[in-house]
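The values are calculated or read from the model by the stated rules, or taken from the named source; none is laboratory data. All values reported here derive from a predicted model rather than from experimental measurement. Glycine gets a Cβ as well: all are built from the backbone with ideal geometry, and neighbour counts include every protein chain shown. These accessible areas exclude ligands, DNA and RNA; they are computed on the full protein's heavy atoms, side chains included. Shrake-Rupley method; radii C 1.70, N 1.55, O 1.52, S 1.80 Å.
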Amino acid sequence: MKLSREISDDGRFVRQPNRFTERLGPPEPGRYRLYASYACPWAQRVLIVRALLRLEDLLDVTIVDPIRDDKGWRIPDGDPLYLSELYHATDPGYTGRYTVPCIWDTRDERIVTNDFPQITLDLETSWGTSPDLYPERLRPDIDIMNDRLYHGLNNAVYEAGFSRGQQAYEEAVARVFTTLDLLEVRLAESEFLFGTLTDSDVRLYTTLVRFDTVYHGHFKCSIRRLADYPALWAYTRRLYAIPAFRDTTDFDHIKRHYYMTQTNINPSRIVPVGPELDWSA
Ligand SMILES: N[C@@H](CCC(=O)N[C@@H](CS)C(=O)NCC(=O)O)C(=O)O
């Protein structure tokens, strides 16, 4: 893992920029392939949107092995065997981390995008619009919400977990719980963030569903559990009941990935047995 390059002098985790940021053109059956991991919250967003919009026939998918080795994500029985090969085929000089999600163009043999915040928006606006996950009238509000979710929660849990300084860690954790406290108030009064299911709910879900299982322990976001927030816990289980969310949530991949791959945080690679959570309740 080349993560050390993304640690600032004061121990903060500063995520690398996304290297491939081309916008997705219109769908062409058989042309594009999504590389994703069930473990990864950024990749699960795309898997959920693909399922909600019923894009299975338009966007092929390859799920990588949950445990990364020193060559990065491995593709079970794949040709190529490693995701890195796609990155180098696209940019021979690429030196960053080889990340999911990314979309491979099988015709031109190159990665079109690994720009995870834009991928779902492109699918929602030009690949499938039913249900409308990015309604025109809500777009400014969704954009603001997504930005808050990213800095306050989606990325903040990583900033807490990957930080190498006490102060950096504490600052990130404080941000995580301030955000959860605010969301608890909002979701006590509303079924979804905007009354109707949108892109923002997808982004919030993929962090919440991992919270008690990996972020609470492994990333030390442990002031409270998700289960201690009645409205957020009910909201997450409500989304889990939707097949597109449930069928793309794989706790075995999630646990094995975080605990066995991020060995700087968990050198023993032991995967905890708990927590016991009743997702069907
Ligand atoms: N593209 C973003 C976010 C996507 C991302 O971080 N994906 C993770 C999995 S959750 C990944 O593929 N990591 C590969 C690595 O760290 O080597 C980034 O460059 O940081």
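Give me the accessible area per residue for region 136-246, probe 1.4 Å, as a whole number in Å².
With the other protein chains kept in place, region 136-246 gives 41 Å² per residue.
Mean residue ellipticity at 222 nm from the helices of the chain, using -39,500 (n - 2.57) per DSSP H segment of n ≥ 4 over the full residue count, to the nearest 500 deg cm²/dmol?
-11500 deg cm²/dmol, from helical runs alone.
Could you compute Rg(Cα) / (2.2 N^0.38 Å) for region 170-281, with N its residue count?
With N residues counted in region 170-281, Rg over 2.2 N^0.38 Å equals 1.08.
Tell me, how many Å apart are the Cα centres for region 20-61 and for region 197-273?
Using only Cα atoms to place each centre, the spacing works out to 21 Å.
By DSSP, what percent of the beta bridges with both residues in the chain are antiparallel, rounded to the nearest 5?
75
Tell me, what is the percent relative contact order of region 3-127, built from C-alpha pairs under 8 Å that lie six or more residues apart? If you can, show how the numbers build up before the last one.
On the way: 196 pairs, mean separation 40.9, N = 125.
Relative contact order of region 3-127: 33 percent.
Just the number, please: carbon plus sulfur as a percent of the accessible area of the chain, 1.4 Å probe, no ligands or DNA/RNA counted.
Values: 6090 of 12480 Å².
Taking all protein chains in place, the chain shows 49 percent carbon and sulfur surface.
Thr106 versus Glu6, label points 7 Å from Cα toward the beta carbon: distance in nm?
Each label point is offset 7 Å from its Cα along the Cβ direction, giving 2.9 nm.
Can you tell me the relative contact order of the chain? Whole percent, Cα pairs under 8 Å, sequence separation 6 or more.
Result for the chain is 22 percent.
For the residue pair Glu171 and Met260, what label-to-label distance in nm results when each label sits 7 Å from Cα along the Cα-to-beta-carbon direction?
The answer from the label model is 3.6 nm.
How about region 15-114: which GluC sites (Glu not before Pro) there are in a DSSP loop, with at most 11 other Cβ atoms within 10 Å of their Cβ?
In loop regions of region 15-114 (DSSP not H, G, I, E or B), the sparsely surrounded GluC sites (Glu not before Pro) are Glu56, Glu109.
Using a simple charge model, +1 on the beta-carbon of Lys and Arg, -1 on the beta-carbon of Asp and Glu, nothing else, what dipole does the chain show about its Cα centre, in debye to the nearest 20?
580
Using the Cα atoms as the points, what is the convex hull volume per residue of region 3-127 in Å³?
Given the Cα convex hull of region 3-127, per-residue volume reads 114 Å³.
Between Ala231 and Asp143, take the C-beta separation as r, use R0 = 25 Å, and let me know the FRET efficiency to the nearest 0.05. Walk me through the intermediate numbers first.
On the way: r = 24 Å, r/R0 = 0.94.
That gives a FRET efficiency of 0.60.
Pick from Tyr94, Tyr35, Tyr258: which residue has the top mean-square fluctuation in a GNM of the chain where Cα pairs under 10 Å get a spring?
Tyr94
Which FRET efficiency, nearest 0.05, do Asp57 and Ala281 yield, Cβ-Cβ r, R0 35 Å?
0.55
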